[in-house]
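Everything below concerns the one structure shown next.
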Amino acid sequence: MGSKNKLKRFEQNNSFSHVIQPGRDEVIDGKFPLKGKWRSFFNNDNPIVLELGCGKGEYTIGLAKLNTSRNYIGVDIKGARLWRGAKTALEENLENVAFLRTQIELIDLIFAENEVDEIWITFPDPQLKYKRTKHRLTNRAFLQKYKLVLKDKGVINLKTDSEFMHGYTLGLLQGLGCEILYANHDIYRNEGSPKEVMDIQTFYEKQYLEKGKPITYLKFTVN
């Protein structure tokens, strides 16, 4: 993507009322005004669901269409990618969608304790190299952050094409004594996955399927 296109998208993001872009210092200093007040942002008391590392927001949009009585927030640091989801939400008049441009490691400073009902992590970078483990979105440190913002028994969903990521997360959860609600190593060949797992396919997921890669899914809570 050319720099002019990126700048145009950044400008449009700034004009979208459903795109929130807090400064890092603002968040770290505890001055982010929506922490603990996200339901007032949506003007309702509906459950709040996050998609972390949402990219172009395909899954956020898909979930919002399937479940109009829930509020969905796509979270990503890449503004030019996030723009696509924000634009689609505007074009389709989806009032239960917002996008948050920030680093995922700041999530516990942006949402209050027990403010989030559910989290989706869809096709994250598995960060295969050992020195990249700290960036893996289901490592122990991230799981603790999710636990802080989630309500009691709040659910986390992991959908990925990476068998490594699936196995790593499953093993970590078992070691921590977490409750694994559902696990499937190949959702399109083994029956039983929830509707929102089967009915929404991202652009890259379709490519993975064309290559014959199995898509895995985990649903769990963090103790």
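Since every read-out is calculated from the coordinates, none of them should be taken as a lab result. Computed from a prediction, not measured in an experiment: that's the story for all the values here. Cβ atoms come from the backbone with ideal geometry, glycine included; neighbour counts cover every protein chain shown.
Looking at the range 3-221, what % of the alpha carbon pairs are farther apart than 28 Å? Write down the numbers at each step before the final one.
Working: 6298 of 23871 pairs.
Summing the P(r) tail past 28 Å for the range 3-221 gives 26 percent.
If each residue of separation counts as 0.36 nm, what is the full-extension length gain between His135 and Glu163 once their alpha-carbon separation is subtracted? Intermediate values should be presented prior to the final figure.
On the way: separation 28, 0.36 × 28 = 10.08 nm, distance 1.74 nm.
Between His135 and Glu163, full extension yields an extra 8.3 nm.
Which order do the peptides 58-66, 99-107 take when ranked by the mean count of other beta-carbon atoms within 10 Å per residue, highest first?
58-66, 99-107
So if R0 is 41 Å, what FRET efficiency would Glu11 and Leu209 give, r being the distance between their Cβ atoms, rounded to the nearest 0.05?
With R0 = 41 Å, the Cβ-Cβ based efficiency is 0.70.
If you count, for each residue, the other Cβ atoms within 10 Å and average over each peptide, how do 116-123, 161-168 line up from highest to lowest?
The peptides rank, most packed first, as 116-123, 161-168.
If each residue of separation counts as 0.36 nm, what is the full-extension length gain between Asn93 and Asn43 once their alpha-carbon separation is subtracted?
16.4 nm is the gain from fully extending Asn93 to Asn43.
Can you give the local net charge around Glu105? Use residues other than it whose beta-carbon is closer than 10 angstrom to its beta-carbon, Lys and Arg +1, Asp and Glu -1. Display every interim value, and only then the final one.
Working: positive: Lys134, Lys145; negative: Asp108.
Net of charged neighbours comes to +1.
Arranged from highest to lowest average of other beta-carbon atoms within 10 Å per residue, in what order do the peptides 149-158, 73-82, 172-181 appear?
Details: 149-158: 18.5, 73-82: 20.8, 172-181: 13.5.
The peptides rank, most packed first, as 73-82, 149-158, 172-181.
Can you sort Thr202, Thr68, Thr169 from fewest to most other Cβ atoms within 10 Å of each residue's own Cβ?
Taking fewest neighbouring Cβ atoms as first place, the list is Thr68, Thr202, Thr169.
Going 7 Å from the Cα of Ala112 toward and past its Cβ, which residues in the range 18-55 have a backbone nitrogen under 11 Å from where you end up?
Counting only backbone N, you get 34-40.
Rounded to the nearest 5, what % of the DSSP beta bridges within the chain are antiparallel ones?
Details: 10 of 32 bridges.
So the antiparallel bridges in the chain amount to around 30 percent.
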